[in-house]
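Trainee: After the structure tokens below, expect a handful of questions from me.
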Amino acid sequence: MQATKRDELCLVVPMDACNLADLRWRSWSYLAAAEVASGMIEDILIALHEAVANALTHSGSNTPVAVRMKATRRAVVIEVADQGRGIDPGVAIPPGRRVCRPKVAGDSS
């Protein structure tokens, strides 16, 4: 697993589910250093794990998955890229549209 840049986390995950534990640890360390609320980190890691596991499952054998994360106290942006065949544009969520409602630290809903 490779990492680059200091202000963001950039990793390439080889096609091996065992690397998910290392990805989780590195991501947790990065998010904590970025002072993301501790109550939010677990939710972010669950979403990241699902996205990467899905990419590893559907991208084909021996195909790495790239993860890029940029975090501040108020926002986290995660990109997961693979070499899979993709999703039919007719059913895909348009770029820029949120998949879920953002959660704010201290929000009980």
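Bear in mind these aren't lab numbers, they're just calculated from the coordinates by the rules spelled out. Please read these numbers as outputs of a predicted model, since none were measured by experiment.
Trainee: Based on the inverse mean of 1/r over its pairs of different Cα atoms, what is the Kirkwood hydrodynamic radius of segment 2-81, in Å?
Mentor: 12.6
Trainee: Hey, can you grab everything whose amide H is under 5 Å from the amide H of VAL13? Only 5+ residues off in sequence or another chain; H modelled, so Pro and N-termini drop out.
Mentor: Under 5 Å from the amide H of VAL13 lie the amide H atoms of VAL65, ALA66, VAL67, each far enough along the sequence or on another chain.
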